[in-house]
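Okay, structure first, notes after.
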Amino acid sequence: LEDSLGFSRSVFELLQVLVEVFFIAHLMACIWWGVSDAVSPNPWFTQPSMVYKDLTHQPVGEKYLFSLYFTLTTMTTVGYGDIFASNNGEMVLNILLVLLGASVFGYVIANVSTILESFDRVQSVQRSRIEVIKEYLSEKG
């Protein structure tokens, strides 16, 4: 696939990390919605002042979008504060989400650093090969 598309292995590795992060965010968004709905008689998504409107009777896609928005802003430590835990169960889940977000952040930084280092190493090898070819051609030419 790499050869047919003309992309380096590093690009595919970066895309893999991105897909992994979004998969984790997706799972956490589903858990955030499901657990809040299951453990709380008055969950965060029923608070119109928090989420702009009561989401109880909204389509699933809109509920998922709000949950994913909350999850991504929490995992990236931005956390705008417009959506937050409204009871103890949600607070515990939110603490776990923040811990997971910090772990995912460390994972991403480590992987991206390794991928970029690998990418730089490949370019360095290519440069040295080009220099050898240039020297050979200058000796023969």
**Request:** With respect to SER67, determine if the residue is modelled with pLDDT of 85 or more and touching a Cys at 6+ places or on another chain (Cβ under 9 Å).
**Result:** yes
**Selection from region 1-28 of residues that are open to solvent by less than 50 Å² (accessible area, probe 1.4 Å) and at pLDDT below 75** = SER8
**Message:** Could you tell me how many of the residues in region 57-85 are open to solvent by 50 Å² or more (accessible area, probe 1.4 Å), part of a loop (DSSP other than H, G, I, E, B) and over 16 Å from VAL98 (Cβ atoms)?
**Reply:** 3
**Asked** What number of residues within region 32-48 are touching an Asp or Glu at 6+ places or on another chain (Cβ under 9 Å), open to solvent by less than 70 Å² (accessible area, probe 1.4 Å) and in a helix (DSSP H, G or I)?
**Response** 6
**Fill in**
Among GLU131, GLU117, the single one that is in a helix (DSSP H, G or I) and either over 21 Å from the mean Cα position of the chain (by Cα) or polar (S, T, N, Q) (or both) is GLU131
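The values are calculated or read from the model by the stated rules, or taken from the named source; none is laboratory data. Not measured: the values here are computed from a predicted model. All Cβ positions, even for glycine, are placed from backbone atoms using ideal geometry, and neighbour counts span all protein chains on display. In case anyone asks, the SASA skips ligands and DNA or RNA and just uses the protein heavy atoms, side chains included. Shrake-Rupley method; radii C 1.70, N 1.55, O 1.52, S 1.80 Å.
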